[in-house]
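Here's the structure, in structure tokens; my notes come after.
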Amino acid sequence: MSGERTRVDDLTEDILAAPDELAAAIDLHRRGIAALPEGLLDRPRWVLIGMGSSGFAARDAAAVLRSIGHDAIAEVASASDRTPPGPDTLAIVISNSGRTPETVAAAARHHHRSGVIALTSEPASALTAEADAVLPLVGERAETAGIATLSSRSTVAALRLLAGEVDPSLVAHGIASAVPSLETLLDDRAAWL
């Protein structure tokens, strides 16, 4: 039994992969954002929709956008009070699996009425079928422990890079500097573990 792999082993592997995975995800996000349909990000109102860790990342990104005067709101996908779709709205719907029912329903509500970007690790999911564009959430590997570590960081990075399209100062010293910081933190882990 002692030779069997555990979830702790998987989580440790996920954590140690963080710097390389984040660097790969940032590169993937930048390429994906550059390939978005023209004008999609120009919509004046952004609604960021997700559940769980996706929702937490959405709240952070919406707050950052509001801090520069951009009309942005984070919405829990299961909320009963929902932002109405419309041609001036960009719905950014977030689900690592691409199959969270509430998030897929939110995307469907906005599809063909608002612009819709899906952030997901599953390019052939129900969520992507309801989107105008898709940004992948993982760079080179998926989590093995079943805990949203890599995908959560990737979501934060994707949303910060999208916000940087509204105002480049939002990413000037931000997300890319997280990679060497993570490397240092993990290299020095013996001192704080």
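Here Thr103 meets the list (1) assigned to a helix (DSSP H, G or I); (2) under 20 Å from Glu165 (Cβ atoms); (3) in contact with a strand residue (DSSP E or B) (Cβ under 7 Å, 6 or more places away or on another chain) almost entirely, failing just condition (2).
Which fully enclosed helices (runs of 4 or more DSSP H) of region 130-193 have 1 or more residues being crowded, with 19+ Cβ neighbours inside 10 Å and of a type in the set (D, E, K, R)?
Those helices (runs of 4 or more DSSP H) span 150-166.
Does Arg109 satisfy the criteria of being of a type outside the set (Val, Ile, Thr) and free of Cβ contacts under 8 Å to residues at least 40 places away in the same chain? Criteria met by Arg109. Annotation note: of Ser53, Ser97, the sole residue that is open to solvent by less than 40 Å² (accessible area, probe 1.4 Å) and not basic (Lys, Arg) is Ser97. Can you pull out the residues in region 42-82 that are of a type in the set (S, T, N, Q) and touching a Ser or Thr at 6+ places or on another chain (Cβ under 7 Å)? Answer for region 42-82, where residues must be of a type in the set (S, T, N, Q) and touching a Ser or Thr at 6+ places or on another chain (Cβ under 7 Å): Ser53, Ser54. Checked against (1) open to solvent by 50 Å² or more (accessible area, probe 1.4 Å); (2) over 22 Å from Ala148 (Cβ atoms); (3) at pLDDT 95 or above; (4) not in a strand (DSSP E or B), Arg59 passes all but a single condition, namely (2).
For region 106-122, filtered to residues that are surrounded by fewer than 22 Cβ atoms within 10 Å (Cβ to Cβ) and not charged (D, E, K, R), the residue that is modelled with the lowest pLDDT is Ser121. Listed by first and then second residue, the pairs with beta-carbon distance under 7 Å, at least 6 apart or on different chains, first residue in region 53-75 and at negative phi, second open to solvent by less than 70 Å² (accessible area, probe 1.4 Å) and of a type in the set (D, E, K, R), are Ala61/Arg160; Ile68/Asp167; Asp71/Arg45.
Only one of the listed residues (Ala157, Ala163, Ala142, Ala107) is within 17 Å of the chain's Cα centre (by Cα), more than 20 Å from Arg59 (Cα to Cα) and of a type outside the set (S, T, N, Q). That residue is Ala142.
The values are calculated or read from the model by the stated rules, or taken from the named source; none is laboratory data. These figures come from a predicted structure and were not determined experimentally. Virtual Cβ from ideal backbone geometry, glycine too; neighbours counted across all protein chains shown. Ligands, DNA and RNA are stripped out before the accessible areas are found, and what is left, the full protein with its side chains, is counted by its heavy atoms. Shrake-Rupley method; radii C 1.70, N 1.55, O 1.52, S 1.80 Å.
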